[in-house]
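Just so it is clear, none of the values below were taken in a lab; they were calculated from the coordinates. For clarity, every value in this text was computed on a predicted model and none was experimentally measured. Methodologically, a virtual Cβ is constructed for each residue, glycine included, from the backbone with ideal geometry; neighbour enumeration extends over all protein chains shown.
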Amino acid sequence: MLLVVSGGGAGSRAQDAADSGDQKPAAEKSEEKVTCVTSNTAWREQGKSTTFEIELQNICDKRLKCTVDAFVTGARGQAQGHGTVVLAAAPKGQTTRNVYALKVKSAGGMANISHSCKSI
């Protein structure tokens, strides 16, 4: 019975694996992605009209153009909407906000929303 052991290859492969791990370069570590826009949603009734409102808030010092998509399912049917909201630049320590309102048939139900913002 012949047993051959080679330690050089295994050690170098382990070192290569440690070097190529999920470590971010120094430039990426310093530039953490800041989320400029947050969203809040609410059902609003005004008289006989009911809306589903999506409020977008900007905390960054840059003007943003956001596209909003919404799909709402309620007891009396569904509603779908797509719109654009412009958010002003926020002064340091403050926020700016704007609201996208979608007319719905009844208050309550399930809503799927998404938004995408770009600096303008």
For segment 52-72, indicate whether the set of residues that are over 20 Å from the mean Cα position of the chain (by Cα) and surrounded by fewer than 16 Cβ atoms within 10 Å (Cβ to Cβ) is non-empty.
no
Across segment 77-120, the tally of residues that are in a strand (DSSP E or B), among the β-branched types (Val, Ile, Thr) and more than 11 Å from CYS60 (Cα to Cα) stands at 6
For segment 64-81, state whether one or more residues are at negative phi and in contact with an Asp or Glu (Cβ under 9 Å, 6 or more places away or on another chain).
yes
Residues of segment 31-76 being in contact (Cβ under 8 Å) with a residue 40 or more places away in the chain, among the hydroxyl-bearing types (Ser, Thr, Tyr) and out of contact with any strand residue (DSSP E or B) (no Cβ under 6 Å at 6 or more places or on another chain), in sequence order, are SER49
